[in-house]
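A short worksheet on the structure shown next.
The values are calculated or read from the model by the stated rules, or taken from the named source; none is laboratory data. Note that the structure is a prediction, hence the values are computed from the model and not measured. Here the Cβ positions follow ideal geometry from the backbone for every residue, glycine too, while neighbour counts run over all protein chains shown. SASA here: full protein model, heavy atoms, side chains in, ligands and nucleic acids out. Shrake-Rupley method; radii C 1.70, N 1.55, O 1.52, S 1.80 Å.
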2 protein chains.
Amino acid sequence: MKYRELAKILKMEIERGEYRATGKLPTEPELMERFGVTRYCVRNAIALLVNLGDVCPVQGSGMFVREDDRDGCLNINNTRGLTSEFPGHAVSSKVIKLEQREAGGDAGRLKCDPGDDVYSISRLRLLDGEPFAIEYALYLKEFVPYLNEEIADGSIYSYIRRDLKLVTGFADKLMYARKLDRGQADLLGLSAGDPALVVEDHAYLSNGRLFNVGTVYYHYEKATFFNFADLK
Amino acid sequence: MKYRELAKILKMEIERGEYRATGKLPTEPELMERFGVTRYCVRNAIALLVNLGDVCPVQGSGMFVREDDRDGCLNINNTRGLTSEFPGHAVSSKVIKLEQREAGGDAGRLKCDPGDDVYSISRLRLLDGEPFAIEYALYLKEFVPYLNEEIADGSIYSYIRRDLKLVTGFADKLMYARKLDRGQADLLGLSAGDPALVVEDHAYLSNGRLFNVGTVYYHYEKATFFNFADLK
DNA sequence: TAGTGGTCTAGACCACAGC
DNA sequence: CTGTGGTCTAGACCACTAG
């Protein structure tokens with residue numbers, strides 16, 4: 001997987017500001033030469049950065065590094081959990097509820113049988129100690145065989161990837177705005193009826209199996225999502 | 001541009017339900033054979049569909065067609081205007097304000113000089129005659145030399161692409177939730193303080209020049225955005 | 001006109017799913 | 001084991017930007 005490694009290296013270098021002078025990445029031939037790979041790898045690596053919005057391509061001119069002020073924005077495609085989105089900040093969780101039960105009425109959403117075991121978790125997510133979002137999540141026990149409060153206190157995403165060695169494949173999201181109810185508002189330090197940015201998440205393993213659905217209510221004054229789209 | 005054409009064909013076929021029996025696209029060798037192209041084209045075409053969330057790849061198994069109920073959802077990456085998002089529905093606009101002026105305080109956002117000419121447009125966007133969103137948009141006159149009410153009544157996007165022949169390159173979006181003020185609420189048939197899903201748009205030409213910024217307040221009960229992300 | 005990224009070909013081997 | 005998609009190589013030509 002040379003091109004993913006190359007993308008990581010380039011992203012690091014961008015973040016270190018190594019291309020701030022020119023505002024551009026090195027040209028493709030230069031990168032091929034420097035890393036001893038073919039154009040395929042170079043272009044695939046850059047494509048990843050383009051998708052993340054870190055770089056924008058202009059034919060005939062170069063790959064321009066985008067240093068816009070997106071600090072504090074959540075990248076809608078960067079599905080590695082809140083923790084990785086705010087490197088300089090303290091991301092923590094307060095578990096509101098954690099139970100193992102049968103899927104029941106959630107079987108439809110989870111594409112499983114009503115009798116299948118699931119973990120149901122509600123967490124208040126905190127950013128630098130301040131309430132940031134409320135998360136309601138379901139995990140299929142078939143794929144996530146164990147969860148406890150200690151794990152849920154931290155990054156469930158890291159646990160799934162690093163400890164359970166599950167290989168995530170893709171995710172789709174629905175985003176909309178809603179009113180907070182009284183209980184939600186209290187948790188977020190807002191008032192009932194205040195807006196929330198709601199994100200519904202469906203996460204699949206690389207084998208195409210759905211293993212997790214979640215609904216997250218974000219504090220409307222604190223959460224902003226960012227997306228970059230190629231229009232061609 | 002074989003692969004873009006191929007993607008269009010496959011998308012059409014998917015929408016016509018031609019792969020509903022198997023739930024999968026034909027394999028890469030089959031598509032290469034059928035269209036007389038190399039794997040490069042086939043894979044690039046499919047990659048476009050994957051990015052749109054129409055198809056999901058499972059290594060060793062196939063390219064599965066996703067027929068989830070995303071009807072009525074706005075694809076966050078499908079930046080071809082509201083009209084194209086709701087093929088079966090009537091999308092119309094009511095122009096609230098249309099003026100040509102100097103950029104002034106908007107120069108920062110537009111990355112232009114304060115003296116540069118811009119069109120400033122506010123529109124109420126209607127879906128099947130019902131208020132759906134309020135749009136505040138700025139266009140740089142350098143790139144969009146003419147706009148009038150008649151054009152703004154319809155799809156400005158089509159006008160820009162089809163009539164002005166501008167080649168759009170990429171766009172980034174910020175998404176968040178806010179409270180509606182009184183004027184906005186009246187336009188949308190809601191109450192002041194009700195939520196809105198807000199999308200800030202920055203649209204660039206293929207040469208990397210910013211030509212349009214906009215902020216759209218969507219009716220919180222009617223607008224849902226959809227996004228598909230590859231996690232690998 | 002020179003240099004950039006965009007498209008395309010023709011091949012090879014690897015990783016994974018399912019029989 | 002077979003067939004699927006994923007990665008990679010080594011080349012070619014095209015489209016666009018900028019001097």
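What is the magnitude of the charge dipole of segment B:2-65 about its Cα centre, with +1 placed on the Cβ of each Lys and Arg, -1 on the Cβ of each Asp and Glu, and no other charges, expressed in debye to the nearest 20? Dipole size: approximately 120 debye.
Computed from protein heavy atoms with a 1.4 Å probe, the total accessible area buried between B and A is close to 3900 Å². Taking a straight line from the alpha carbon of B:K141, these aspartates and glutamates sit under 13 Å away, with near neighbours fewer than eight places off in the same chain left out: B:E99, B:E102, B:D113, B:D116, B:D117.
Inter-copy label distances at B:G88, using a point 7 Å along Cα-to-Cβ, come to 4.9 nm with the shortest given first.
Of all residues in chain A, the one whose Cβ lies closest to the rotation axis carrying A onto B, together with that distance in whole Å, is A:P195, 2. A point 7 Å from Cα along Cα→Cβ stands in for B:L210, and the other copies hold the same point at 4.0 nm, listed in rising order. Any idea which of B:Y19, B:F143, A:T83 is furthest toward the positive side of the dipole for the protein assembly as shown, if Lys and Arg beta-carbons carry +1 and Asp and Glu beta-carbons -1? So the residue furthest toward the plus end is B:Y19.
Averaged over peptide A:198-211, the number of partner chain Cβ atoms lying within 10 Å of each residue's Cβ comes to 3. Put a plus charge on the Cβ of each Lys and Arg, a minus charge on the Cβ of each Asp and Glu, and nothing anywhere else: the dipole of the protein assembly as shown about its Cα centre is then about 1160 debye.
Under Stokes-Einstein, with the Kirkwood radius over Cα pairs standing in for Rh, what whole-number D in µm²/s applies to segment B:14-139 at 37 °C and 0.692 mPa s?
Details: Rh = 18.3 Å.
Answer from the Stokes-Einstein relation: 179 µm²/s.
When both segment A:62-80 and segment B:1-64 are represented by their alpha-carbon centers, they are found 29 Å apart. Here segment A:124-138 and segment A:179-232 have alpha carbon centers that stand 10 Å from each other. Bridging of A:K24 to aspartates and glutamates at a Cα separation below 16 Å is possible for A:E13, A:E15, A:D54, A:E67, A:D68, once same-chain residues fewer than 8 apart are set aside.
Add -39500 (n - 2.57) for each DSSP H run of 4 or more in chain A, then divide by its residues: what number comes out at 222 nm, to the nearest 500 deg cm²/dmol? Walk me through the numbers on the way to the answer.
Working: 7 runs with 56 residues, N = 232.
Calculated from helices alone, the mean residue ellipticity at 222 nm is -6500 deg cm²/dmol.
When the charge dipole of segment A:74-226 is built from unit charges on Cβ atoms (+1 for Lys and Arg, -1 for Asp and Glu) and taken about the Cα centre, the candidate among A:M175, A:V198, A:A107 whose Cα reaches farthest toward its positive end is A:M175. On the beta carbon distance between A:D116 and A:D181, with R0 = 30 Å, the FRET formula returns roughly 0.55. Rounded to the nearest 5, the antiparallel percentage of DSSP beta bridges internal to chain B is 95%. Counting every C-alpha pair in the protein assembly as shown, the share spaced more than 40 angstrom apart comes to 22%.
Please state, as a whole number in µm²/s, the translational diffusion coefficient that the Stokes-Einstein equation yields for segment A:158-232 at 10 °C and 1.306 mPa s, with Rh defined as the Kirkwood radius across alpha carbon pairs.
Numbers: Rh = 14.5 Å.
Result for D is 110 µm²/s.
Sorted shortest first, the separations between the A:G72 label point and its copies elsewhere in the assembly read 3.5 nm; each point sits 7 Å from Cα along the Cα-to-Cβ line. Across peptide B:172-185, the average count of Cβ atoms from other chains found within 10 Å of a residue's Cβ is 5.
In whole angstrom, segment A:2-65 maps to an equivalent ellipsoid with semi-axes of 16, 13, 12, each derived as √(5λ) from the alpha carbon gyration tensor and ordered largest first. On the principal axes of its alpha-carbon atoms, segment B:74-226 has extents of 38, 34, 28 Å, going from largest to smallest.
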